[in-house]
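One structure is given below, encoded as structure tokens.
Read-outs: derived from the displayed coordinates by stated rules, not from any lab. On a predicted model such as this, the values are computed, not experimentally measured, just so you know. As a convention, Cβ positions derive from the backbone with ideal geometry for all residues, glycine included, and neighbour counts pool all protein chains shown.
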Amino acid sequence: MRTLTQWEPFRGATTLQDQVNRLFNNILERKGEESSLTAWAPSVDIYETEHELVVKADLPEVDPKDLDIRVENNILTIRGERKFEKDVNQENYLRVERAYGSFARSFTLANTVNAEAIKADYQNGVLTLTIPKKEEAKPKQIKVTVGTPPMASAAGR
């Protein structure tokens, strides 16, 4: 009598996440001591309201003087640097998990926003950019009137 075995196409295969993790771990192991101060990119939320586009970036312990925010060719770029604390001797650290150094994030803006009127606010480690929409891009409500169409009243004469 023959035994049936179920075919499992992914048996023995590692997940994509495992492969990516192994790749990055190998790269970081090669860097050795340099990996304690890695490059970073701040997390960003972007949302839209009726009148504006809002960009919020988590930038804890970044001095606002170290921020450079520009719009060129409809591309918004946020650059800055989070500096490593010099008050504590680096040899006294037992673990360094937060990233330090320079960063840059770029986002393509739609033609519907007014890049000339961007406002930037920095509070509690969060940079908030408010980008107003152009007037022609804002939704317009059209009022509907109820009545007899002009053509129908003329045809009835």
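For the set LYS56/LYS134; LYS83/LYS119; LYS119/LYS143; LYS86/LYS119, the pairs lying more than 28 angstrom apart at their alpha carbons are LYS119/LYS143; LYS86/LYS119. Sorting 54-67, 91-104 by average packing, meaning the other beta carbons within 10 Å per residue, from highest down gives 54-67, 91-104. Amide H contacts of VAL126 (H built 1.01 Å from N, in plane; Pro and chain starts excluded): LEU59 sit under 5 Å, all sequence-distant by 5 or more or on other chains.
Maximal additional length on extending the ILE75-ALA110 stretch stands at 11.7 nm, based on 0.36 nm per residue less the C-alpha distance. Between amide H atoms placed 1.01 Å from N, distances below 5 Å from LYS133 occur with GLU52, LEU53, ASN114, all of them 5 or more places distant or on a separate chain.
Each label point was placed 7 Å from the Cα along the Cα-to-Cβ direction; for ASN124 and GLU48 their separation is 2.8 nm.
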